[in-house]
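Here is the structure we will look at.
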Amino acid sequence: MVAIAVAGLSLVIWLFLLVFWGGFWRANQRLSPAKTTLSNYPRVCALVPARNEAAVITEGIASLLSQNYPGDLTVVLIDDNSSDRTAELARETALNLHKSESLQIVTGQPLKPGWKGKLWALYQGLKLATTSMPLPDYWLLTDADIRHDQDNLTRLVTQAETENLDLVSLMVLLRCQSTWEKLLIPAFVFFFQKLYPFAWVNNPQKSLAAAAGGCILISREALTSIGGIETIKDALIDDCSLARAVKIANKQIWLGLTETTVSLRGYDDLTTIWDTIARTAYDQLQYSPLLLLGTTLGMALVYLTAPAAILVGAIATNYLLLGIGIATWLLMSWAYLPTLRLYKLSWTWVFCLPAIAFLYTLMTIDSALKYYRGQGGAWKGRTYQ
């Protein structure tokens with residue numbers, strides 16, 4: 001009876017998630033095609049913090065400098081104390097595209113106490129841009145490892161201008177080529193959508209806020225109204241912190257998915273993905289042991305109960321328990337399918353979701369252990385206490 005009750009609870013949770021949790025699983029929040037031609041395209045300045053990005057910087061910068069954007073676009077690369085040829089390769093790329101006048105490169109200063117690395121780099125780029133060039137109407141905050149579709153900026157700006165949005169962000173299509181990427185990357189996007197249902201993020205009547213740091217278009221007015229990037233200078237999850245600050249200021253935000261603007265960063269092995277998740281997972285739980293315990297139990301209840309019920313039900317020939325387990329797994333699989341389609345993967349990957357959830361739970365626990373060992377937020381040679 002206890003097993004049936006637990007399995008039944010898991011089934012009820014999945015029914016609730018599918019029906020009442022913002023339609024997160026549909027993966028249907030997409031950037032609209034730029035069908036409307038604006039009478040005036042605002043000035044945009046793209047800020048690209050880069051630390052040891054020689055492997056991807058050429059493609060990333062080229063995609064920005066090659067935008068089919070009718071307005072004025074300037075790109076500012078902040079070389080965040082790189083030890084490779086990041087800045088040199090970016091400069092060569094602009095020269096080869098005859099776009100040298102559109103690219104400015106800032107040599108980053110050593111990390112200032114109290115700041116996180118990416119935000120400190122962005123602050124320096126903002127400072128240069130506001131003192132050495134005409135003030136832009138929008139800032140495009142983007143990572144060095146993003147390859148932007150040629151029409152991406154036009155679509156972002158059109159969405160912002162026609163819908164009166166102050167922040168527009170895209171969860172770019174993450175690389176999904178290796179076996180580990182196919183196993184874990186779509187699930188990361190799925191879990192992110194479940195944590196922050198995009199439809200709720202995009203609803204001004206709801207307080208939920210989120211953004212994806214790889215591609216954020218934010219109006220200069222909105223950034224100024226929240227006190228500038230320094231307002232969130234110590235945030236480890238900087239994208240969601242920025243979105244939260246903007247929405248609290250009664251500004252409109254939008255978050256969606258894309259199939260055409262992609263991340264160039266590879267995650268060829270489990271260690272790379274593990275370290276990426278463990279970097280911020282415990283911060284997401286506000287460094288709370290109670291939230292960690294609740295998350296661990298919750299993940300087990302939601303994702304592991306179904307296969308356990310099927311196994312126990314089959315062994316004990318308890319058809320009620322077996323049926324509940326099968327029904328729960330079918331609902332779970334149905335919810336995961338749209339994200340798999342986004343990444344053009346076979347539907348058979350749905351059967352791996354319980355194992356994937358187990359791995360992500362271990363990553364979250366490891367994130368807490370690293371925090372208590374003083375290794376929290378380790379990234380690109382920096383560790384934040």
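What to note about this one:
- Which listed residue, of Ile61, Ile57, is crowded, with 18+ Cβ neighbours inside 10 Å, of a type in the set (A, V, I, L, M, F, W, C), at pLDDT 95 or above and under 22 Å from Asp137 (Cα atoms): Ile61
- On inspection, Thr317 does not qualify as in a helix (DSSP H, G or I) and within 24 Å of Pro354 (Cα to Cα).
- In the stretch 366-374 there is at least one residue matching the filter, namely being within 22 Å of Ala278 (Cβ to Cβ) and outside any helix (DSSP H, G or I).
Each row is one residue, and each column tells you yes or no for (1) at pLDDT 95 or above; (2) open to solvent by 30 Å² or more (accessible area, probe 1.4 Å); (3) within 22 Å of Arg26 (Cα to Cα).
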| position | (1), (2), (3) |
| --- | --- |
| Ile229 | yes, no, no |
| Leu236 | no, no, no |
| Cys240 | yes, no, yes |
| Lys251 | no, yes, no |
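- Annotation for the stretch 155-176: no member residue is touching a Pro at 6+ places or on another chain (Cβ under 6 Å) and of a type outside the set (Ser, Thr, Tyr).
- Whenever a residue of the stretch 242-257 is farther than 20 Å from Leu119 by Cα, its partners that are assigned to a strand (DSSP E or B) and open to solvent by 40 Å² or more (accessible area, probe 1.4 Å), lying with C-beta atoms within less than 6 angstrom and at least six residues away or across chains, give the pairs Gly256/Arg30; Leu257/Arg30.
Rundown of residues vs (1) more than 25 Å from Phe20 (Cβ to Cβ); (2) touching a Cys at 6+ places or on another chain (Cβ under 6 Å); (3) surrounded by 15 or more Cβ atoms within 10 Å (Cβ to Cβ), yes/no style:
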| position | (1), (2), (3) |
| --- | --- |
| Gly298 | no, no, no |
| Thr305 | no, no, yes |
| Ala309 | no, no, yes |
| Leu322 | yes, no, yes |
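- Just one of the listed residues (Ala281, Ala209) is surrounded by 17 or more Cβ atoms within 10 Å (Cβ to Cβ), at pLDDT 95 or above and either under 26 Å from Asn52 (Cα atoms) or among the hydrophobic types (A, V, I, L, M, F, W, C) (or both), namely Ala209.
- Some residue of the stretch 34-42 being open to solvent by 20 Å² or more (accessible area, probe 1.4 Å), touching a residue at least 24 places away in the same chain (Cβ under 8 Å) and hydroxyl-bearing (Ser, Thr, Tyr): yes
- Taking first residues from the stretch 144-156 that are surrounded by 24 or more Cβ atoms within 10 Å (Cβ to Cβ) and partners that are of a type in the set (Val, Ile, Thr) and not in a strand (DSSP E or B), the Cβ contacts under 6 Å between residues at least 6 apart in sequence or on separate chains come to Ala144/Ile57.
- Scan of the stretch 49-63 for residues that are touching a Ser or Thr at 6+ places or on another chain (Cβ under 6 Å) and either of a type in the set (Phe, Trp, Tyr) or touching a residue at least 60 places away in the same chain (Cβ under 8 Å) (or both), ordered by number: Ala50, Arg51, Asn52, Glu53, Ile57, Ile61
- Test: Val48 is among the β-branched types (Val, Ile, Thr) and either within 30 Å of Tyr123 (Cβ to Cβ) or touching a strand residue (DSSP E or B) at 6+ places or on another chain (Cβ under 8 Å) (or both): yes
The values are calculated or read from the model by the stated rules, or taken from the named source; none is laboratory data. Computed from a predicted structure; not experimentally measured. Every residue, glycine among them, receives a Cβ derived from its backbone with ideal geometry; neighbour counts consider all protein chains shown. Remember, those area values only see protein heavy atoms, side chains included, never the ligands or the DNA or RNA. Shrake-Rupley method; radii C 1.70, N 1.55, O 1.52, S 1.80 Å.
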